[in-house]
1. Can you put A:143, B:174 in order, fewest other beta carbons within 10 Å first?
2. Per residue of B:299-307, count partner chain C-beta atoms within 10 Å of its C-beta, then hand back the mean as an integer.
3. At a Förster distance of 35 Å, what's the computed FRET efficiency of residue B:156 paired with residue B:92, Cβ-Cβ distance as r, to 0.05?
4. With each pseudo-label sitting 7 Å past Cα toward Cβ, what's the residue B:203-residue B:239 distance in nm, one decimal?
5. Based on the Cβ-Cβ distance from residue A:12 to residue B:353, what FRET efficiency comes out when R0 is 30 Å, to the nearest 0.05?
6. Order the peptides B:57-70, B:270-283, B:332-345 from the highest to the lowest mean number of other Cβ atoms within 10 Å of their residues.
7. Relative contact order, percent, of the stretch B:47-393 when contacts are C-alpha pairs under 8 Å separated by at least 6 residues?
8. Could you check the simple spin-label distance between residue A:158 and residue B:214, using points 7 Å along Cα→Cβ, in nm with one decimal?
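A short reminder: the numbers here are calculations on the coordinates, not readings from a lab. Predicted model, so just to flag it, every value in this text is computed and none were measured. Reconstructed Cβ throughout: ideal geometry from the backbone, glycine too, with neighbour counts over all protein chains shown.
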């Protein structure tokens, strides 16, 4: 697993680096640390060296490659991803932007998450060893999210983690004649009655067929983003995994992607798989 | 068993039948059956061949009846003035709001009431603000229809929350956008800010319409008393809407489109525009809500997307009232309807672009409170009847 870790040298990047260290130990390939210098006049290259050497000290690893790029952070990170053949990019909380910059250019994290073709990990909040994982499956993709995760990042999970597969049903009845039992049912009932949501969860569970696998299917009813945020907090998960769509053309403007809302508000590491 | 499994088995059975018989006639018949099962590419036909003549005739008939009804209501409106002023004592803006509201409950439709309010305005029975209030009331009353159908299902023993959710959402969104919209619209009408926006049917169109409807309306106007002409017009307008509903195409969405469409409908502005467009064609909020059902084959829609859709639908549902204003050839009547559409658009867009997440949670929280217990439901139902009655009495 080839990991690209980005840092801007801020104190906020420290927790991201510590989280990265535990993943890098499982990677089996040297970690690459990237820093992007936005303006060469304001922040001359020697400062990049300081940022990178500090990052190496925090990581406490010998086998680390470093990269410095100059330009707009989101563009440069995306270019590095294209050129470097990475499997995962890790971003810490980005530098504070003015609201004007956010309006016209968007945040670095959201831009990278939106356009990168590889999984993106956004690290924020309290960082812990990965023991409890929450996978949010909307059912939108052809492949189950757990399958996408194990295919794209086979070394990420050790196998002893407790994995909750969450599906949020935000549906309400569109007509008075609809029987609404499924609109309140839990995961087990939905699986037993072979509803589309139940089949979705069953499809996810089948991905890991080990008898000792610690998989918990869960269904919540309500607004999708609200339920995911509430569950992430109440379940005290160490990692939240979500899927994201890469819109092209008119679909990019018309189709909503809830991933960026989850990235913006969740208070723990989020992994976006493709 | 999937559909392809089914067709495969059917074809196997037919093939078996073919081999077991030597009779040429039987084998030919079997072959024809097999051929019948094969899906051949559809040959594209020109639009005039694909169009349903029956539906086109229904559409023309409904439009004609709409014009007839507006003419009858216009001619008969003066006849009901003593009834409206005396019996219902509709004298102030509050009375007009309550009257339009209860009138829509009574005939289970908002559009005829909105058209009636314009004919009252045309006859001098109502002033600008009164007509505007009655139109607003008619839409509030129309919002009750979806809830009423759900209530019947509850009485039949169906689940309360499932049956009533859509109706309560629809009515709540209508009330929370139309009431602020009413105050904004009243301000605009008083100040005359949009008085320049006026449209009438024009002399030529008026003359054509007169030639088309006069052979029917004139004998009726000469024969019947004015109040009867008005009531007849009301009946004809209800009939024209019923015919119009029948000529709408069946709206269904193919399964293959559900993937991206389910994501399309997450974005509030897209749903707002979609609701507005669908209702512009269907001219009925309750009818355009039914298009949401095919979005999910199981009749479910998402909480996130239904409110902007209703907001959009609530604006273009005025389109038939706008047409009625044009047919009346009354320019201020057109301004009244236009101001209504404008003010509700402003309120809806302000909600969507500023406080939408809070508004969404507020509406959904209120809906779950209403459908939670019979007591809460009774309070809600009582409120939506008591408020218009109180408005009528003040």
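1. Ascending number of Cβ neighbours within 10 Å: A:143, B:174.
2. If you average over the peptide's residues, the count of other-chain Cβ atoms is 6.
3. E(calc), rounded to 0.05, equals 0.30.
4. Reported label-point gap for residue B:203 and residue B:239 is 3.4 nm.
5. 0.45
6. Those peptides, ordered most packed to least, come out B:332-345, B:270-283, B:57-70.
7. Dividing the mean separation by the residue count of the stretch B:47-393 yields 28 percent.
8. Result for the modelled spin labels: 9.3 nm.
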